[in-house]
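Structure first, then comments.
The values are calculated or read from the model by the stated rules, or taken from the named source; none is laboratory data. Predicted model, so just to flag it, every value in this text is computed and none were measured. Note that we place each Cβ from the backbone using ideal geometry, even for glycine, and neighbour counts take in every protein chain shown.
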Amino acid sequence: MLLACLLAAGCWHLYTNTWDEPEHLAAGIELLDRGRYEYDTEHPPLARLFLALGPWLAGAHSFGTPPPDGTREGIDILYVDGHYWRYLTLARLGALPFLALLLYATWLWARRLLDSEAGALLAVLLLVSVPPLLGNAALASLDVAAAATALLACYALQGWLLSGELRHAAGFGLAAGVAVATKFSAVPFLGLALPVLALAQALGHVRRGELGARAAPPGHWLAGLGLAAGVALLTLYAVYAPRAHNPSGVALRFDWAVAYLLQRPGVDHGLGVVIQHLWLPRELQDLVNGIVAVKAHNDTGHLSYLLGRTRLTGWWYFYLVALAVKTPLPLLAGGSLGLGWMACAAWRGDDARTRAWGLAPPVLALTFLLFASTFSRINIGIRHVLVLYPFLALGAAYALQRAWRAALRLRAPRAGLAAAVLLAAALAWQLSTLWRAYPDYLPYFNETVAHPERVLVDSDLDWGQDLLRLELRAAQLHIPHLALAYRGTADLTREPLPPLTILAGHQPTSGWVAVSELARTRNPSDYGWLSAYRPLERIGKTIDLYFIP
């Protein structure tokens, strides 16, 4: 855990604030400083409190910029009084506890699935060696926090389904409430995890003829489910409650959510009718608004880039491509193989408890991937499915452990030695990403991709992070004037750049020109004229610097 946190922190003073960081900071600071939560309510407040606590204790305060967009507010907080790097570093520090929680939750799963402490440690080490995970953990964002809390909630859910005890139901409710209070993606993830894990467990019992002997009465499970739901709602109430009352703002947001559902067909309309006639406390009204805001965002889509094309509604294969190019190859191959191996071994197993734990990771990984591929229209990065990486790490550790033991049992000594050497080489290849990619874990792509900008860009390659590197290089080259095409939320007027012109699309110019990859992909034809020139160098991983005669 300490190693992972140190590696993630290695890029803190190389990266300018990325796209989402100012708004997350603004929302957390507003809640701490003014007792209100009105910026970008599409995300719940729990993780944002962690991100904002350090800057707030160091003196950062809210400026009261009118909501709902908090980006301007966050930028003002960062740049005020020359404390940009102090506030940004403290905000990023607030993400590290969630990285530690993710590794700990993986450890809990691994101890259930692998038959040795060394195997469990190997699973955690494999997860630490995933560059996209460390890259996102280095930022003041919500995605690693969402993966950590969802993974822990799935662990608690599996524990309750196996024991049936009310105390485990309450534990699941607490973990689920924390996960939903961290990011609303936990709602569909946990909503799907409950039936698929229960179904996998029931099918295993049916296959062994154990269902009748082991099944608890339906009332018992309904009581447990009711307890879990009650504890989850209490947790959410506690997260949303400590705020100054703003009835007009709450009513405005809730009325918008109801109106949005009512204008939709089918189930959405029926849900809107129910909510419209249901009395809800202020805290739950804000919760409903946030969940509906996420749904509205997904319904309308988000401008995305994949394989040289842009699209508003995304692609069903987006996350398949993202996993294929953003995951280290040994983990991708070993994790997929291991999950399949784990599922087969569990299905054939005689012990019901071992069988249930062995089926859970493959079933959950497949379910989450299918859901994201089928329903998500917000295709802006592997960061939205980081929860898949712990399952891949568990699968890879399982496969490596089993294959190592099989190699040692081979009767031919040379064959056993060769197999052991190959396995050790694969492990070394995987762990080598820790130093080969350092400190640029965020824009990491595996060896199959020579030109990442032709595959993925938004938050997978370029999230606006390399502006500081451009500033340092411009100072070294004594650039007198720069034409810049940059996509990000940093305030260019407050950055130490040379005299600047914003480079508009379809307007060729001469002199020094810098273009970020994210700027290119919003409309690829905007800067097509630059294809006639070769860049002098790549600044960081994302900005091309030209000199045009």
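Overview of values
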item	result
Candidate set: the stretch 110-130, residues that are outside any helix (DSSP H, G or I) and among the aliphatic types (A, V, I, L, M); chosen: the one farthest from Ala356 (Cα to Cα)	Val130
Cβ pairs under 8 Å, 6+ apart, first in the stretch 137-164 and within 19 Å of Arg353 (Cα to Cα), second among the basic types (Lys, Arg)	Leu162/Arg353
Whichever residue in the stretch 510-546 is within 11 Å of Ala483 (Cα to Cα) and surrounded by 14 or more Cβ atoms within 10 Å (Cβ to Cβ) and, among such residues, is nearest to the chain's Cα centre (by Cα)	Val515
Qualifying residue in the stretch 239-246 (condition: modelled with pLDDT under 85 and surrounded by 14 or more Cβ atoms within 10 Å (Cβ to Cβ))	yes
Verdict on Leu151 being part of a helix (DSSP H, G or I) and at pLDDT 95 or above	yes
Verdict on Pro45 being crowded, with 18+ Cβ neighbours inside 10 Å, touching a residue at least 60 places away in the same chain (Cβ under 8 Å) and under 28 Å from Gly540 (Cα atoms)	no
First in the stretch 213-232 and modelled with pLDDT under 80 and outside any helix (DSSP H, G or I), second anywhere and surrounded by 10 or more Cβ atoms within 10 Å (Cβ to Cβ) and not basic (Lys, Arg), Cβ under 6 Å, 6 or more apart	Ala216/Gly164
Within the stretch 14-36, considering residues that are farther than 29 Å from Asp460 by Cβ and of a type outside the set (Asp, Glu), the one surrounded by the most Cβ atoms within 10 Å (Cβ to Cβ)	Leu31
Selection within the stretch 277-310 - free of Cβ contacts under 8 Å to residues at least 24 places away in the same chain and farther than 21 Å from Val187 by Cα	His277, Trp279, Arg309
Candidate set: the stretch 15-64, residues that are within 30 Å of Leu470 (Cα to Cα) and of a type in the set (S, T, N, Q); chosen: the one farthest from the chain's Cα centre (by Cα)	Ser62
Criterion: hydrophobic (A, V, I, L, M, F, W, C), crowded, with 18+ Cβ neighbours inside 10 Å and in contact with a Phe, Trp or Tyr (Cβ under 8 Å, 6 or more places away or on another chain) - qualifying residue of Ala228, Ala232	Ala228
Enumeration of residues in the stretch 82-98 that are crowded, with 19+ Cβ neighbours inside 10 Å, outside any helix (DSSP H, G or I) and either at pLDDT below 95 or aliphatic (A, V, I, L, M) (or both)	Ala95
Close pairs (8 angstrom Cβ cut-off, 6 or more residues apart or separate chains): closer than 19 Å to Leu364 by Cα and of a type in the set (S, T, N, Q) in the stretch 165-190, at pLDDT below 95 and not in a loop (DSSP other than H, G, I, E, B) anywhere	Ser185/Val294
Hits in the stretch 490-545 (condition: touching a strand residue (DSSP E or B) at 6+ places or on another chain (Cβ under 7 Å), of a type in the set (S, T, N, Q) and free of Cβ contacts under 8 Å to residues at least 60 places away in the same chain)	Thr501, Thr509, Ser510, Ser516
All positions within the stretch 425-444 that are part of a loop (DSSP other than H, G, I, E, B) and over 30 Å from Pro496 (Cβ atoms)	Ser432
Residue match in the stretch 471-483 (condition: among the charged types (D, E, K, R), touching a residue at least 12 places away in the same chain (Cβ under 8 Å) and surrounded by fewer than 23 Cβ atoms within 10 Å (Cβ to Cβ))	yes
Residue tally, condition crowded, with 22+ Cβ neighbours inside 10 Å and in contact with a strand residue (DSSP E or B) (Cβ under 8 Å, 6 or more places away or on another chain), over the stretch 375-414	2
Residues of the stretch 522-549 satisfying the condition of being in contact with an Asp or Glu (Cβ under 7 Å, 6 or more places away or on another chain) and among the hydroxyl-bearing types (Ser, Thr, Tyr)	Thr542
Cross-chain or 6+ apart pairs with Cβ under 9 Å, the stretch 400-416 first and in contact (Cβ under 8 Å) with a residue 40 or more places away in the chain and assigned to a helix (DSSP H, G or I), then exposed (fewer than 15 other Cβ atoms within 10 Å of the Cβ) and among the polar types (S, T, N, Q)	Gln401/Ser116
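A quick yes/no check of all residues on (1) more than 30 Å from Ala490 (Cβ to Cβ); (2) at pLDDT 95 or above; (3) touching a Ser or Thr at 6+ places or on another chain (Cβ under 9 Å):
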residue: Leu408; (1), (2), (3): yes, no, no
residue: Ala418; (1), (2), (3): yes, no, no
residue: Arg454; (1), (2), (3): no, no, no
residue: Ala474; (1), (2), (3): no, yes, no
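Yes/no matrix, rows are residues, columns are (1) hydrophobic (A, V, I, L, M, F, W, C); (2) in a loop (DSSP other than H, G, I, E, B); (3) in contact (Cβ under 8 Å) with a residue 12 or more places away in the chain; (4) crowded, with 22+ Cβ neighbours inside 10 Å:
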{"position": "Pro66", "(1), (2), (3), (4)": "no, yes, no, no"}
{"position": "Asp76", "(1), (2), (3), (4)": "no, no, yes, no"}
{"position": "Val80", "(1), (2), (3), (4)": "yes, no, yes, no"}
{"position": "Ala100", "(1), (2), (3), (4)": "yes, no, yes, no"}
{"position": "Leu108", "(1), (2), (3), (4)": "yes, no, yes, no"}
